[in-house]
Structures are given as structure tokens and as C-alpha cells.
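Shown next, in C-alpha cells, is the structure this report addresses.
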Amino acid sequence: MSKISKLFKGSSGSSSSSSSKSKHHRSRGGGGPSPQEAIHKLRETEEMLTKKQDYLEKRIEQEITIAKKNGTKNKRAALQALKRKKRLEQQLTQIDGTLSTIEFQREALENSHTNTEVLKNMGYAAKAMKKVHENMDLDKIDDLMQDITEQQDVAQEISNAISGPFGETFDEDELLAELEELEQQELEDNLKSMGGLPSVPSIKLPSAGPSHRATTKKRVEDEDDMRMLASWAT
């Protein structure tokens with residue numbers, strides 16, 4: 001058997017063995033790693049690749065230095081340094097792409113894990129609400145709310161009855177009219193107590209002309225007649 005056949009046989013045997021071990025591990029572990037474990041592994045991979053990036057960048061700087069140093073003295077060594085720099089740059093580019101893919105996968109897994117936890121907590125809350133409501137009867141709740149509304153109406157009626165005026169109620173317009181009559185009567189009584197207003201004479205007053213002199217002459221004659229009667233009576 002050739003060495004190549006032995007190599008493939010050994011590789012096949014080892015791969016089948018590792019595959020069976022992996023299947024056995026998954027069966028024992030219950031369906032693969034948890035999200036936390038997967039996220040932790042991805043972070044470790046990111047750290048490893050980042051360290052390799054730093055190493056490659058330093059190697060590239062070294063090769064550039066070698067190329068500059070041997071540029072005029074040893075052209076062949078300078079070209080070999082530049083070739084190594086190109087290969088290192090290709091590896092650096094590949095690592096950049098790998099890091100982007102791993103970062104995207106880690107973020108997606110973190111979001112999925114967060115969503116799973118949110119949904120799980122929402123499920124717990126829904127179960128708690130169901131447990132709270134399982135002893136409640138909607139018909140009884142409707143009856144209770146109706147009773148509360150009726151009692152509120154009764155309380156409002158009682159409040160209105162307590163705050164309303166006692167005794168008989170009268171028409172306010174009639175009371176105002178009666179008040180105006182009383183005020184008018186009071187005014188008239190006050191005028192009477194003060195003597196009232198002077199009345200206007202209905203006859204004409206004598207003028208200061210000839211009629212006044214005739215009245216005076218007649219008065220004198222009456223007085224003479226009275227004296228004559230008085231003397232005759234004595």
C-alpha cells in the first residue's frame with residue numbers, strides 16, 4: 001500500500017472517529033452549544049484573528065524595511081522581501097474579511113439570543129396574567145360594574161337632594177313684582193309723612209289793579225256799618 005493510500009486511510013479513520021465522537025458529544029450535550037457558549041467562542045476567534053493582524057502588520061513593516069535596505073545593494077533580497085510583503089498583505093486582507101463575517105455572525109447570534117430571552121420573559125408574563133385572570137368571571141365583572149354605576153347614580157341623587165333648598169318653592173318673577181309694589185308703597189308713605197307736595201290753587205289771585213282798591217273801600221264801609229250797629233245796640 002502506498003504512503004498516499006495510508007495517509008488517506010488514516011485521515012478517513014480519524015475523521016470518522018472524530019465524527020462519531022462529535023455525534024456522541026451532541027447526543028450527550030442535548031443538541032449543540034448554548035448561545036452564550038457560541039458567542040464566547042466567536043469572541044475568542046475575533047481576539048485570535050486580531051492578534052494575528054497585529055503580527056502580520058509588523059511582519060509587513062519588517063519586509064518593507066528589508067526591501068529598502070537591500071534596494072541598491074542586493075536587488076534579489078529586496079524583491080524577495082517585497083514578495084513576502086505581498087503574501088502577508090493577502091493574508092491580512094483575508095483576515096479582515098473573516099473578521100467581518102465573524103462579527104456579523106456574532107451580532108446576529110446576540111440579537112437572536114436577546115429576542116429569545118425577551119420572548120421567554122413575555123411568555124412568563126403571559127402565564128402570570130393568565131393565572132391572575134383564571135379566577136375571574138367576565139359576567140360577574142359586568143354585573144359588578146353595573147352595580148357600581150347604579151350606586152354612583154344613587155349617591156348623586158342623594159347629594160342633589162341634600163344640597164337642594166328646603167320648604168316650598170316660589171316663582172322668582174312673582175316675588176320681584178311684589179317687591180316692586182312694596183317699594184312703591186313705601187315711597188308714597190314717605191311723601192305723605194313729609195306733608196306731600198303743595199297743591200296748585202284753582203282760583204286766580206287778585207291783581208294789584210282797581211279791583212284791589214274796590215275791595216279795600218268795601219272793607220272800610222263794612223267796618224263803619226259794624227261800629228254803627230254797635231253804638232245803636234248800646
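The values are calculated or read from the model by the stated rules, or taken from the named source; none is laboratory data. From a predicted model like this one, the values you see are computed outputs, not experimental measurements. Here Cβ is always computed from backbone atoms with ideal geometry, including for glycine, and neighbour counts include all displayed protein chains. Keep in mind that these areas ignore ligands, DNA and RNA; they rest on the heavy atoms of the full protein, side chains included. Shrake-Rupley method; radii C 1.70, N 1.55, O 1.52, S 1.80 Å.
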- Message: Heavy atoms of the protein only, probe of 1.4 Å, neighbouring chains included. What is the accessible area of Asp142 in Å², nearest 10?
- Response: 100 Å²
- Of region 102-116, those with amide N under 16 Å from the point 7 Å along the Cα→Cβ vector of Met122 are 111-116
- Taking a probe of 1.4 Å, how large is the accessible area per residue of region 35-124, in Å²? 75 Å²
- Query: Where the centre of each part is set by its Cα atoms, how far does region 88-145 sit from region 30-66, in angstrom?
  - Reply: 29 Å
- Phi-derived 3J(HN,Hα) across region 108-116 with the Karplus relation (6.51, -1.76, 1.60, θ = phi - 60°), rounded Hz, x for Gly and Pro, is 5, 5, 4, 5, 5, 5, 4, 4, 5
- Task: Quote the accessible area belonging to Glu157 in square angstrom, nearest 10, computed with a 1.4 Å probe and with ligands, DNA and RNA left uncounted.
- Result: 130 Å²
- Item | Contact order relative to length of region 62-163, as percent, for alpha carbon pairs under 8 angstrom and 6 or more apart | 14 percent
- Task: Please express the Cα-Cα pair-distance distribution P(r) of region 35-124 as a list of whole percents, one per 10 Å bin, running from 0 to the bin with the greatest distance.
- Result: 16, 29, 20, 15, 10, 6, 3, 0
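Using a 1.4 Å probe and counting only protein heavy atoms, arrange Thr72, Thr50, Thr101 so the residue with the most accessible area comes first. Mind dumping the intermediate values first?
Working: Thr72 140, Thr50 60, Thr101 90 Å².
From most exposed to least exposed: Thr72, Thr101, Thr50.
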- Message: Give me the percent of accessible area attributable to carbon and sulfur for region 35-124, probe 1.4 angstrom.
- Response: 54 percent
- Task: Starting from the Cα-Cα distance between Lys73 and Glu107, subtract it from 0.36 nm times their residue separation and give me the gain in nm to one decimal.
- Result: 7.1 nm
